[in-house]
Structures are given as structure tokens and as C-alpha cells.
1. Using beta carbons and a limit of 8 Å, which pairs, at least six apart or on different chains, have the first residue in the range 1-24 and farther than 25 Å from GLN57 by Cα and the second one at pLDDT 80 or above and of a type in the set (Asp, Glu)?
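The values are calculated or read from the model by the stated rules, or taken from the named source; none is laboratory data. Quick caveat: nothing in here was measured; it's all calculated off a predicted structure. We place every Cβ from the backbone using ideal geometry, glycine too, and count neighbours over all the protein chains shown.
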Amino acid sequence: SLLVGHYLDHIQPVIDEMAAADAHLFVGLDPLALPEAMLACSRGQKECAESAEHDLQRMDAFLRFQRRISAEVDCWCQSQGITDSELDAALAAAVAAEADGRETKGT
């Protein structure tokens with residue numbers, strides 16, 4: 001749809017810019033492993049401390065990325081006069097239409 005195309009044209013450069021700056025930090029990042037790593041550090045395991053510190057830096061970069069994209073999406077939705085849920089519905093419809101197109105081409 002036109003709305004989805006316009007959205008992607010606006011948001012993709014922001015994603016690309018942020019990803020280029022911090023992409024090296026996201027490789028292999030497992031947010032679920034952070035609490036365990038921090039617990040190991042609190043027990044005084046020095047080798048875990050360095051790893052956990054790096055994981056925290058990576059998580060901070062990821063959260064910064066997530067907040068920036070979320071703010072950009074909110075701003076874009078406001079400029080278009082639509083809600084986040086309307087955008088979500090349009091994106092879901094576009095994904096479903098693309099999946100239907102692939103299934104019909106394959107048969």
C-alpha cells in the first residue's frame with residue numbers, strides 16, 4: 001500500500017543510520033542472558049565482570065536504538081494522522097498480501 005511504502009521510505013534511513021553506528025554491538029546479543037551474567041559478577045567472578053560490562057554496553061546501544069526508532073515511528077504516525085495500531089494493521093496487511101502472493105506464485 002501507499003501508506004506502507006511511505007512509512008518504509010521515512011523509517012528505513014533512520015534504521016540504517018542507527019544500525020551502522022552500533023551494529024557491531026548487536027552481534028550475538030542475548031538480553032535474556034544478562035541477568036545471569038550480572039549475578040555471576042556479583043559473586044566476584046572477575047572473568048564474568050568484563051563480559052557482563054560489554055554486554056551491558058551492548059544492551060544500552062540496543063535500547064537506545066529501540067527508543068530512537070519508536071520515537072521516529074510515533075512522530076511519523078502523528079504527521080500522517082494515524083495511530084500506531086493503524087500502522088500495525090497496515091503493515092500486517094502488507095505482510096499477509098506479500099505472503100499470499102508468494103503462495104500463489106508457488107502453485
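1. So the pair list comes out as HIS10/GLU72.
Yes/no per residue for (1) of a type in the set (Lys, Arg); (2) assigned to a helix (DSSP H, G or I); (3) modelled with pLDDT of 75 or more; (4) surrounded by fewer than 11 Cβ atoms within 10 Å (Cβ to Cβ):
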{"site": "ILE11", "(1), (2), (3), (4)": "no, yes, yes, no"}
{"site": "ASP16", "(1), (2), (3), (4)": "no, yes, yes, no"}
{"site": "ALA19", "(1), (2), (3), (4)": "no, yes, no, no"}
{"site": "LEU56", "(1), (2), (3), (4)": "no, yes, yes, no"}
{"site": "ARG68", "(1), (2), (3), (4)": "yes, yes, yes, no"}
